[in-house]
Amino acid sequence: MHPYLARRLLLVVPTLIGVTMVVFSLVRLLPGDAVSMLLQDYAYAKDADEMRARLGLDRPVYVQYFEWLGGVLQGNLGTSLRSNEPVTVEISNRMPVTAELGLMAIAIGLLIAVPVGVISAVRQDTRTDYVLRGVAIAMLAIPGFWLGTLVITLPSIWWQWTPPLRYTRLWDDPGKNLGQMIIPAIILGIALSGTVMRLTRAQMLEVLRQDYVRTASAKGLDERAVVFRHALRNAFIPVLTLLGLEVAIVVGGAVVVESVFALPGIGRYLLEGIQYRDYPVIQALNLIFATVIVLANLLVDLLYGWFDPRVRYS
Amino acid sequence: MRDDLLNIPNRSTGRLTRREAMRGLGLAGLGMALLSACGQLPTRQAPAVAPQATPRRAAVPASKPTEAAKTAAGSPKDGGILRMYLAPENTPTLDPYLNVSVRTQEPSAFFYSRLIMPKKGPGIPGLAYMFEGDLAESWKASDDLLSYTFNLRPNIKWQNTPPLNGRPVTAQDVVWSYERFLKVSPERSRFDYVASATAPDNRTVVFKLKDLYAPFENAIGAPYFWIMPKEVVEQDGDASKRVIGSGPFIFDRYESGVGFFGHKNPNYHRKGEPHVDEIQMLIIPDQATRMAGLRAKELDGAEVEQQDLDPLKQSNPEMQVVEVEFNNNVCIYWKVEEPPFNDVRVRQAFSMAINRDEMLATVFNGRGGWNTSVAWALSEWWLDPQGPDFGPNARYFKYDPAEARKLLAAAGYPNGMKIDLISTPGYGQRVIQQVEVIQQGLKSAGVEANIKMQEYAAYISTTFLGKFDGGDMIVVGPNANFNEPHEFFFLLYHPKGPRNASGVNDPKLTEMIEKQMRTLDKADRKQQINDIQRYLAGQMYYVPTAAGFRSMVYQPYVRDAYPRSDFGLGAEVVPKLWLDK
């Protein structure tokens, strides 16, 4: 396993460098530039040229790239063109919000999807199955922003209640923080759960037809043990793969959910970065997202072995 | 075997038939419909009160300062925390000289002071621009009107925080701020007409002008030229890390993505203000969230889009709405030097193809006015194109597709035209709706407009600055919220105007603009500004459209909240309001 892990980790490096090159180039190909956005309505030509030079944006792109990459290797993700503040500081302030939201969402998504998927498979073609499949399709179809807006709007009209609008950090007041995070996490989790539930059901249906399940049952094992210990564990491997990919969906969903619930996470930071062509912010966040997704998928690959001892890393 | 093992009910009873499934789906659909109906979603519900069919022609200032200015019996109560929505996104920087964005200027008003500022109070329209002293106790112009002397109040102090430690604000601070403004602010051209600023003593500041400049007070009192703390900038390089001013509130902290927080300045120079002990100015990106915050009383006040106003009034009739005319002028522009828009008849035809009443009804709840080259909101200077004094060129504002077709035919386009219409979704739903009304109007005159939406960043850095191809292409977009007619004229129509995206270079017009700029007699200047509006109505270098109101909504217990003007909410409105609870 160790050589496998080392090889995979080595592959992460060129992957991330590739990501930085693509992102660095693409953001500069977008119409509009950071200087015009900074000066907005007041972009006198002289001011724009001065500012472009001050920010170092008048230099060749490859020079800017290698300077930025050099900084990244030393832990400096750059300075925001818009706020003139270190991107690393802003990200470290915001990362806990998105990480908490994402982890809660994945946990909630799994808590919903796995039991529902199992029940749906076990009760195949019954009313329960149809209802649960309908719910799963609804979860897939309902956009997070719509659900979030409903959850914000309807209670405010019916009961004059809304989740707290002023964000409280977890370490300042855990109760208040969880009260604020739980609804957006459920919304994000619901978006995840539809796909996971359907895949869980499909895999369970396949596994439940395997000989070893029949054998386990014939041995007189308890139904729960057959389903959860023998069937689910094997059915879960493709679901695990999906979970690795769903990290990207969590990141994308966070952009929307954080805006709706006024959460100061990195999803919103990315959105503002794109709106203002704040190149260092976009580059840094994409690098971080790419790293998280690559590592999450690596973790998933490693977990295969735990779920299925037959899997060998070579 | 598996059925037994997994305890699946008998198929004959447990399995759904297709009919049962269809019935279930039907019931689910009905349930969703009922849920939507019960939800009274504001965006889907028809207002109980239909918008007024005929827009009100505002010949007089139309803001409603008295609605929220109702004072409870007795004097204002001090205390409480004021929590408001301030912005949808982060501030770019806390130093107001380094960025001209509203996101920077608006928070600055809570913590910094100006020399003078617009007066607020009962019966004063939001955009009246009657100035009163902020740091200045008095001010006067010299006999030749080429210099202005400001006398500072005797009791003005910086907030009692190191390194200022509550020392007096001096005339030298004003001059130092002016000099820094000229060095670093993208807005420095605001003072192009100023020859010098000097401080003969600690309490006197003298601005000498290069030439007569009628809008001087307006420029010096606009919420850009804040008096900044010299010591902080000298120590830190700029004022982006520490906010120490002489304004009504003392800065506590700025939480990125969350908001601004501050408390009352006990040594504020305007005695008795502010009334609230603490301010929490929140960043909330989503409009639906702001509305929910108002309904749930999580917010004491917030600006609300016009389309959301009626549903809010229905669900929460107790809310107070304080309105001010919207001094924004969404225009059509193009390259006036190139065909087909170098022909004045084509430009006039396009103007006559716009149904401004329809725009008011669709976008602004049927209330507002027709802009000319001056926004209708600047009622003191605006000449009503539907009024008796406008003259013959008023006809180019009237929706008359038949006449527009004739003008196009006379210009060589008897079969109409096909054009591209460029705009951006970056200004929100309001401008998109205005674009759609324009497109419909143009169609009625035989002009097929193909809408092409540019992403905001691309728009603001190319098209907005006039970097677009001429020919069969028009742009629809707003200008900033100017508060002086000279700003509309100079910035858009003067050859040196930085926002002259249409490329206007009309010597007669340039002379008119420069003449009114040097005319200090108000009545005479108004006459000249009227003449410019009449002249531009004939030329239609830019085609003005229509605008409505901006609405601030406050909880019923908020008292003495007067109409806001521009970015000065924190200095002009918030210190005066109080919480009756």
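The values are calculated or read from the model by the stated rules, or taken from the named source; none is laboratory data. Worth saying up front: this structure is predicted, and the values here are computed from it rather than measured. FYI the Cβ positions are ideal-geometry reconstructions off the backbone, even for glycines, and counts take in every protein chain you see. These accessible areas exclude ligands, DNA and RNA; they are computed on the full protein's heavy atoms, side chains included. Shrake-Rupley method; radii C 1.70, N 1.55, O 1.52, S 1.80 Å.
Structure notes:
- Per-residue shielding of B:281-294, expressed as the average number of other chain Cβ atoms within 10 Å of the residue Cβ, stands at 6.
- Placing pseudo-labels 7 Å out from each Cα toward the beta carbon at B:Val321 and A:Gln74 gives an inter-label distance of 5.7 nm.
- With all protein chains modelled, accessible area of A:Lys176 [1.4 Å, Å²]: 110
- Highest-fluctuation residue, A:Val122, A:Val61, A:Val251 considered, GNM on chain A with Cα pairs under 10 Å: A:Val61
- Ordering of A:11-24, A:255-268, B:383-396 by packing [mean C-beta count within 10 Å, highest first]: A:255-268, B:383-396, A:11-24
- Largest-first principal axis extents, alpha carbons of region B:456-581, Å: 60, 42, 22
- Computed over protein heavy atoms with a 1.4 Å probe, the accessible surface of the protein assembly as shown works out to 40 Å² per residue.
- For region B:146-206 and region B:511-541, distance of Cα centres in Å: 32
- Per-pair calculated FRET efficiency, R0 = 30 Å: B:Lys526 and B:Lys208 via Cβ, rounded to 0.05: 0.70
- Near B:Lys508, once Lys and Arg are set to +1 and Asp and Glu to -1 for all other residues with Cβ below 12 Å from its Cβ, the sum equals -3.
- Reduction of at least 30 Å² in accessible surface, 1.4 Å probe, comparing all protein chains with the chain by itself, residues of region B:432-480: B:Glu455, B:Tyr456, B:Ala457, B:Ala458, B:Ile460, B:Ser461, B:Leu465
- Computed lengthening from A:Arg59 to A:Arg229, 0.36 nm per intervening residue step minus Cα-Cα distance: 55.1 nm
- Cα centroid of region B:399-434 to Cα centroid of region B:236-306, whole Å: 42
- Simple label model, 7 Å out from Cα along Cβ direction - A:Leu29 to A:Ala107, nm: 4.1
- Take the Cα of B:Glu358, step 7 Å toward its Cβ, do the same at B:Lys406, and the gap between the two points is 2.0 nm.
- Annotation: peptides B:248-256, A:282-290, ranked by per-residue average of other Cβ atoms within 10 Å with the highest first, follow the order A:282-290, B:248-256.
- Computed over neighbours whose Cβ is under 14 Å from that of A:Leu298, the net charge equals +1, Lys and Arg +1, Asp and Glu -1.
- Counted charge near A:Leu242, where neighbours are those whose Cβ lies closer than 14 Å (Asp, Glu -1; Lys, Arg +1): 0
- Percent accessible area from carbon and sulfur atoms, the protein assembly as shown, protein chains only, probe 1.4 Å: 58
- Between A and B, roughly 5600 Å² of accessible area is buried in total, ligands, DNA and RNA not counted and the probe set to 1.4 Å.
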